Amino acid sequence: MFNVQDIRKDFPILSRKVNGKPLVYFDNAATSQTPKQVIDAIADYYSNYNANIHRGVHTLSQEATDLYEQSRETIRAHFNAKFTHEIIFTSGTTHGINLVANGFSSLLKQGDEIIVSALEHHSNIVPWQMLCERTGPVLKVIPMNEEGELLMDEFDNLLSKNTKLVFVNHISNALGTINPIEHIIEKAHAVGAAVLIDGAQSCPHIKPDVQKLDVDFYVASAHKMCGPTGVGILYGKEEWLKKLPPYQGGGEMIAEVTFEKTTYADLPHKFEAGTPNICGGIVFGTAIDYMNQIGFDAIANYENELLHYATEKLLEIEGLKIYGTSPQKTSVISFNLEGIHPYDVGTILDKMGIAVRTGHHCAQPIMDFYKIPGTVRASFAFYNTKEEIDALVEGVKKAKMMLS
Ligand SMILES: *Cc1c(COP(=O)(O)O)cnc(C)c1O
């Protein structure tokens, strides 16, 4: 049974005060909070297993290696990848996208086309622009509508035999829109293009099945799903990971090194140069276990309830406009008060202990579409409550009074 008060006891930070008020943490789309199960696992690692992995014959090194590889297997099972070596540890979503974009440099040529969406985070735009500058493919953009949804008819028109790669996020971090990725993957595959899905914002809310999706690449960050910062995964189909060249050179990713020639290690090590975030990799598995134990269906149901409650309450405030109104969305509300800068609203909310994000949310093209400098973004997680939403609504009303 889902009991939010019990769940909140797992998160020590939720009982602290900010500016003399109980913390209301609504910046979950930027990073999630950490349950004590994960905090304890971090302490356990440094207290008992800290050693470099894959190298030592000594016991500590072997124990750390076993835990790291067990976590990779936990992550494989969570995403339902076919093989454990299809899970590459990265430093996060940004790293995973750069790894793939760099790899495609050697596979693309002038005249090839790659497709992005209007709803992307900068980290799923800039690496591809850098790729285009290096290698010469053309970048095309799936446009969006006023509700913050992608225009699928336009996507059909962009696809051709020249399309080599399509990369979109599963869920928009700025608006919360859930994109029709099943449809996008099917259509892209029909013209022979590969698909990368940025799952940074979906993985906190849903459990993706990469085999069922038939997706070629899927990337995520641990810190948005109850894990630590500086660790994430790239899932890639084995055939693609074999085809892509290594990203960084260094230790761990080699089979043999001489000054004449170096041969590379097998998957997944080919893409894991240098000493990784060992503790982070291990406790990423702990975070996934924690979320699965609560259950992604229960999480999605509860967060939907929060989303609808907050949407209704916020819309009662005159002059408040919500950006991103697709019926297909997760618990993210981006909004503005008429004539008031989002930064000012955020500052007043902070004085009341309410943490929201203000600004362009690393998605400037979306803000340009709406012709606004940014929004106030409240993003809810399964440990938030309706009482906290009431506090937000009161805070926004107060901000409006003070600023108009
Ligand atoms: C947070 C986020 C990213 C970037 O993730 P990092 O952990 O900073 O690498 C990329 N895309 C989306 C949709 C995000 O929400």
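The values are calculated or read from the model by the stated rules, or taken from the named source; none is laboratory data. Computed from a predicted structure; not experimentally measured. Note that we place each Cβ from the backbone using ideal geometry, even for glycine, and neighbour counts take in every protein chain shown. When the accessible area is computed, the model is the full protein with side chains, heavy atoms only, and any ligands, DNA or RNA have been set aside. Shrake-Rupley method; radii C 1.70, N 1.55, O 1.52, S 1.80 Å.
Expressed as a whole number of Å, what is the distance separating the alpha-carbon centroids of the range 1-60 and the range 210-231? Value for the Cα centre distance between the two parts: 18 Å. Put simply, the amide H of Thr90, placed in the peptide plane, has neighbours under 5 Å in Gly232, Ile233, Leu234, leaving out anything fewer than 5 places away on its chain. Distances between placed amide hydrogens fall under 5 Å for Asp216 paired with Val195, all partners being 5 or more residues away or on another chain.
Report the far tail of the P(r) of the range 305-362, meaning the percent of Cα-Cα pairs longer than 14 Å. Show your work: numbers first, answer last.
Working: 998 of 1653 pairs.
Here the long-distance tail beyond 14 Å is 60 percent of all Cα pairs in the range 305-362.
Taking the convex hull of the alpha carbon positions in the range 48-194 and averaging its projected area over all directions gives 11.1 nm².
Listed values for the range 42-55 are Karplus-derived 3J(HN,Hα) couplings in whole Hz (6.51 cos²θ - 1.76 cosθ + 1.60, θ = phi - 60°), namely 5, 4, 4, 4, 6, 7, 10, 10, 4, 6, 6, 9, 6, 10, and x replaces Gly and Pro. The residues of the chain expose on average 43 square angstrom of accessible surface per residue, using a 1.4 Å probe on protein heavy atoms.
With all pairs of different alpha carbon atoms counted, what Kirkwood hydrodynamic radius in Å does the range 1-109 show? Display every interim value, and only then the final one.
Details: mean 1/r = 0.0563 Å⁻¹.
17.8 Å is the Kirkwood radius here.
Listed values for the range 255-267 are Karplus-derived 3J(HN,Hα) couplings in whole Hz (6.51 cos²θ - 1.76 cosθ + 1.60, θ = phi - 60°), namely 9, 8, 10, 10, 6, 7, 7, 10, 10, 9, 5, 6, 5, and x replaces Gly and Pro. Taken over the C-alpha atoms, the range 135-226 has Rg and Dmax values of 13.4, 41 angstrom. Pairwise Cα distances in the range 173-262 exceed 15 Å for 69 percent of all pairs.
Can you give me the C-alpha center-to-center distance between the range 322-392 and the range 264-287, rounded to a whole angstrom? Rounded to whole Å, the Cα centres lie 34 Å apart. Overall, the ratio between the Cα radius of gyration of the chain and 2.2 N^0.38 Å, rounded to two decimals, is 1.02. Of the cross-linked pairs Lys207/Lys242; Lys212/Lys321; Lys187/Lys242; Lys161/Lys329, those separated by over 28 Å at the C-alpha level are Lys212/Lys321; Lys161/Lys329. Think of the chain as a dipole: +1 on every Lys or Arg Cβ, -1 on every Asp or Glu Cβ, centred on the Cα centre; then among Ser71, Ala188, Gly280, Gly280 lies furthest on the positive end.
Considering only beta bridges that DSSP places wholly inside the chain, some 60 percent are antiparallel.
Between Val18 and Asp209, the distance separating the two model label sites (each 7 Å from Cα on the Cα→Cβ line) works out to 3.8 nm.
Nonpolar atom fraction for the range 39-292, defined as the carbon and sulfur part of the 1.4 Å probe accessible area, stands at 51 percent.
Here, the range 306-402 yields an orientationally averaged convex hull projection of 6.0 nm² when only Cα atoms define the hull. Backbone phi angles across the range 67-81, fed through the Karplus curve with coefficients 6.51, -1.76 and 1.60 (θ = phi - 60°), yield HN-Hα couplings of 5, 4, 6, 5, 5, 4, 5, 4, 5, 4, 4, 4, 8, 6, 6 Hz in residue order; Gly and Pro are listed as x.
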